[in-house]
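For reference, the structure discussed in these notes is given below.
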Amino acid sequence: MIGKVFVRRVSAEDAHACVEGLADVLIDCVEGGASVSLMLPIGREKATAFWRNVAADVVHGGRILLIAEDEAGQIVGTVQVITAQPENQPHRADIAKMLVHRRARRNGVAQQLMIAAEAAARQEGKTVLVLDTVTGGDAERLYQRAGWHRVGDVPNYALMPTGELCGTTFYCKQI
């Protein structure tokens, strides 16, 4: 069990400084079986390259990066709000890469991150949020409890980190 967790929005100035801690969380999640765009084996170089790209998008204003830190200042979770959308969808954002380190799960970290993500999207003038998750995964309960509406499933949409196909469920929420 971890102690108190603090969720904060990562500034453009601080985005690159968070890469190593975020890489730790990403590696843990992928090694734990999370289908989050990356495959096993996942090395540190691949994980840090992923987060450097995210940090660059934060710097350029295309996304909001939120992190959850424990009392020691270690990153234990993260979520992104992708605000850069097509011209005909300025009111929409995507929620992406909800990740919580296995040592911090079942402590309300994901719920805190989702509350912060919705608030950040609202502050940016977004009124429609969309996300996707592995069909039948643990995250579905979180999203349903938080008032997200299941839109539908796509069978065999993605791969699990070990290579087997998995379905994806799409959710939306009006905020």
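Where a number appears in this text, it was derived from the coordinates with a stated rule and is not lab data. Predicted model, so just to flag it, every value in this text is computed and none were measured. Here the Cβ positions follow ideal geometry from the backbone for every residue, glycine too, while neighbour counts run over all protein chains shown.
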- Task: Only one of these is farther than 21 Å from G136 by Cα, part of a strand (DSSP E or B) and β-branched (V, I, T): V79, V7, V19. Name it.
- Result: V7
- Task: Name the single residue, out of those in region 34-75 being touching a Leu at 6+ places or on another chain (Cβ under 9 Å) and part of a loop (DSSP other than H, G, I, E, B), that is surrounded by the most Cβ atoms within 10 Å (Cβ to Cβ).
- Result: A34
- Query: Which one is surrounded by the fewest Cβ atoms within 10 Å (Cβ to Cβ) among residues in region 8-33 that are under 13 Å from L99 (Cβ atoms) and among the β-branched types (V, I, T)?
  - Reply: I27
- Query: If you check every pair at least six apart or on different chains, which have Cβ atoms under 6 Å apart with a residue in region 154-175 that is within 22 Å of L142 (Cα to Cα) and touching a residue at least 40 places away in the same chain (Cβ under 8 Å) first and a residue that is exposed (fewer than 12 other Cβ atoms within 10 Å of the Cβ) and of a type in the set (G, A, S) second?
  - Reply: F170/G152
- Query: Of the residues that make up region 159-168, is at least one surrounded by 14 or more Cβ atoms within 10 Å (Cβ to Cβ), touching a helix residue (DSSP H, G or I) at 6+ places or on another chain (Cβ under 9 Å) and not β-branched (V, I, T)?
  - Reply: yes
- Task: State whether one or more residues within region 137-152 are over 18 Å from the mean Cα position of the chain (by Cα), polar (S, T, N, Q) and exposed (fewer than 14 other Cβ atoms within 10 Å of the Cβ).
- Result: no
- Task: Considering (1) surrounded by 15 or more Cβ atoms within 10 Å (Cβ to Cβ); (2) out of contact with any Leu (no Cβ under 6 Å at 6 or more places or on another chain); (3) over 22 Å from R8 (Cα atoms), say which one Y171 fails and leave the rest.
- Result: (2)
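Among the residues that make up region 23-31, is at least one of them in contact with a Pro (Cβ under 6 Å, 6 or more places away or on another chain) and part of a loop (DSSP other than H, G, I, E, B)?
no
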- Could you run through region 4-45 and say how many residues are closer than 19 Å to M114 by Cα and not hydrophobic (A, V, I, L, M, F, W, C)? 5
- Return the residue satisfying two criteria in turn: it lies in region 1-40 and is among the acidic types (D, E) and without any contact (Cβ under 8 Å) to a residue 60 or more places away in the chain, and of such residues it is nearest to M160 (Cα to Cα). E20
- Residues of region 106-116 being part of a loop (DSSP other than H, G, I, E, B) and in contact (Cβ under 8 Å) with a residue 12 or more places away in the chain, which ones? N107, G108
- Can you pull out the residues in region 117-136 that are in contact (Cβ under 8 Å) with a residue 60 or more places away in the chain and crowded, with 16+ Cβ neighbours inside 10 Å? A120, V134
- So G73 fits all but one of (1) under 17 Å from the mean Cα position of the chain (by Cα); (2) without any contact (Cβ under 8 Å) to a residue 60 or more places away in the chain; what number is the exception? (1)
